[in-house]
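Peer 1: Right, I'll just put the structure down here and ask away after.
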Amino acid sequence: QVQLVESGGGLVQPGGSLRLSCVASDSIFSSDVMGWYRQAPGNQRDLVATITSGGRTNYADFLKGRFTISRDNAKNTVYLQIDSLKPEDTAVYYCHLRRGLRNYWGQGTQVTVSS
């Protein structure tokens, strides 16, 4: 059982930046795909971005270049850099790890964008 712990969320003004981190309790396998999802109140959980151990990334079309996912396999950590934050980015951001047919989720970190 892999535990994922997110950090880095908070309250930020529009136009600001945040870097979210997610640390896995177990060593990341080369076949693991890690990613970030987000869920705003009343909405479904949506994909933000994924990254393979080799660094291949996939982003949701709606993000328009403001989000950057990265990964440090040695630290069992995945990051999400969010720039030019907008109020509509307000959501709980969840870390995700896919290992074979198994899916693991973190507890989520709240990002609130407001002036």
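Peer 1: So, taking all protein chains as they sit and a 1.4 Å probe, how much accessible area belongs to C95, in Å² rounded to tens?
Peer 2: 0
Peer 1: Compute the relative contact order of the chain as a whole-number percentage, counting only Cα pairs closer than 8 Å that sit 6 or more residues apart in sequence. Don't jump to the answer; show the numbers that get you there.
Peer 2: On the way: 283 pairs, mean separation 42.5, N = 115.
So the answer I get is 37 percent.
Peer 1: Might you tell me the accessible area per residue for region 67-115, computed with a 1.4 Å probe and given in Å²? Intermediate values should be presented prior to the final figure.
Peer 2: On the way: 2370 Å² over 49 residues.
The answer is 48 Å² per residue.
Peer 1: Contour minus end-to-end for Q39 and R99, with contour as 0.36 nm per residue of separation and end-to-end as the Cα-Cα distance?
Peer 2: Values: separation 60, 0.36 × 60 = 21.60 nm, distance 2.20 nm.
My answer for the length gained is 19.4 nm.
Peer 1: Further question on the same structure: Quick one: work out the % antiparallel among DSSP beta bridges in the chain, nearest 5. If you can, show how the numbers build up before the last one.
Peer 2: Numbers: 39 of 42 bridges.
Of all bridge pairs located within the chain, approximately 95 percent are antiparallel.
Peer 1: What number, in percent, do you get for the relative contact order of region 7-49 if the mean sequence gap of Cα pairs under 8 Å and at least 6 apart is divided by its residue count? Intermediate results must be reported in sequence, preceding the final value.
Peer 2: On the way: 27 pairs, mean separation 10.5, N = 43.
About 24 percent, as a whole number.
Peer 1: With every protein chain left in place and a probe of 1.4 Å, what is the accessible surface of S114, to the nearest 10 Å²?
Peer 2: 60
Peer 1: Kindly write out, for region 18-29 in residue order, the coupling ³J(HN,Hα) from the Karplus curve 6.51 cos²θ - 1.76 cosθ + 1.60 (θ = phi - 60°), rounded to whole Hz, with x marking Gly and Pro.
Peer 2: 9, 10, 8, 10, 9, 10, 8, 6, 10, 4, 7, 7
Peer 1: Quick one: check the C-alpha center-to-center distance for region 31-71 versus region 76-111, whole angstrom.
Peer 2: 7
Peer 1: How far apart, in nm, are two points set 7 Å out from the Cα along the Cα-to-Cβ line at R56 and at L11?
Peer 2: Distance between label points: 4.3 nm.
Peer 1: Can you send over the carbon and sulfur percentage of the accessible area for the chain, probe radius 1.4 Å, protein chains only?
Peer 2: Solvent-exposed carbon and sulfur of the chain make up 46 percent of the total.
Peer 1: Could you order R45, R66, R102 so the one with the most accessible surface comes first? Probe is 1.4 Å.
Peer 2: On the way: R45 90, R66 35, R102 155 Å².
These residues rank, largest area first, as R102, R45, R66.
Peer 1: Which residue, A40, A91, A49, has the most motion in a Gaussian network model of the chain that connects Cα atoms within less than 10 Å?
Peer 2: Sorting by GNM fluctuation, first place goes to A40.
The values are calculated or read from the model by the stated rules, or taken from the named source; none is laboratory data. These numbers come from a predicted model, not from an experiment. Here the Cβ is made from the backbone with ideal geometry for all residues, glycine too, and neighbour counts use every protein chain on show. Areas reflect the complete protein model, heavy atoms only, side chains present, ligands, DNA and RNA absent. Shrake-Rupley method; radii C 1.70, N 1.55, O 1.52, S 1.80 Å.
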